[in-house]
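See structure below.
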Amino acid sequence: MAVNLTLGVFAIVPLWLTALFVMSRPLTAPGLTTGGDVDDDLLSWLMLLAPPWAVLLGLWIPANIRTRRGTGVSRCRHWAVGSALVLTPLTALTALLVLVEG
């Protein structure tokens with residue numbers, strides 16, 4: 001599972017970009033967030049988000065297929081734990097930033 005934690009460090013970039021996209025585009029229409037003054041089209045966001053996600057998923061999926069074969073854990077549990085471990089570095093970084101800022 002160290003593979004998932006290591007990939008979680010690299011996952012910070014696509015996850016952070018996705019959070020920025022969600023806060024600036026879909027959540028501004030219903031008024032849930034205040035969007036910036038940037039008038040970006042969706043294609044520029046797609047060009048920004050697709051490469052990091054493609055690299056991350058291209059590394060993460062095969063790595064977890066290989067590591068699952070060596071364990072006796074069920075498929076569902078393995079992927080759930082792997083997903084949680086990939087999110088752990090971003091969660092820790094966010095909590096650290098909140099503590100330092102507040």
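Observations on the structure shown:
- Some residue of the range 88-102 being free of Cβ contacts under 8 Å to residues at least 24 places away in the same chain, part of a helix (DSSP H, G or I) and polar (S, T, N, Q): yes
- Flag for residue 81 being surrounded by 12 or more Cβ atoms within 10 Å (Cβ to Cβ), out of contact with any Ser or Thr (no Cβ under 6 Å at 6 or more places or on another chain), more than 22 Å from residue 17 (Cβ to Cβ) and hydrophobic (A, V, I, L, M, F, W, C): yes
- Answer from 63, 2 - the residue that is modelled with pLDDT of 85 or more, among the small types (Gly, Ala, Ser) and surrounded by 14 or more Cβ atoms within 10 Å (Cβ to Cβ): 63
- Restricting 32, 49, 56, 42 to residues that are within 22 Å of the chain's Cα centre (by Cα), at pLDDT below 95 and open to solvent by less than 60 Å² (accessible area, probe 1.4 Å) narrows the list to 49.
- For the range 84-102, the set of residues classified as within 13 Å of residue 4 (Cβ to Cβ) and open to solvent by less than 70 Å² (accessible area, probe 1.4 Å) consists of 84, 85, 86, 88, 89, 90, listed by residue number.
- Within the range 60-82, residues that are closer than 20 Å to residue 12 by Cβ and touching a residue at least 60 places away in the same chain (Cβ under 8 Å) have Cβ atoms under 6 Å from residues that are of a type in the set (Gly, Ala, Ser) and assigned to a helix (DSSP H, G or I) in these pairs: 64/82, counting only partners at least 6 apart in sequence or on another chain.
The values are calculated or read from the model by the stated rules, or taken from the named source; none is laboratory data. Fair warning: this is a prediction, and the values are worked out from it, not measured in the lab. Positions of Cβ are backbone-derived with ideal geometry, glycine not excepted, and every protein chain shown enters the neighbour counts. Keep in mind that these areas ignore ligands, DNA and RNA; they rest on the heavy atoms of the full protein, side chains included. Shrake-Rupley method; radii C 1.70, N 1.55, O 1.52, S 1.80 Å.
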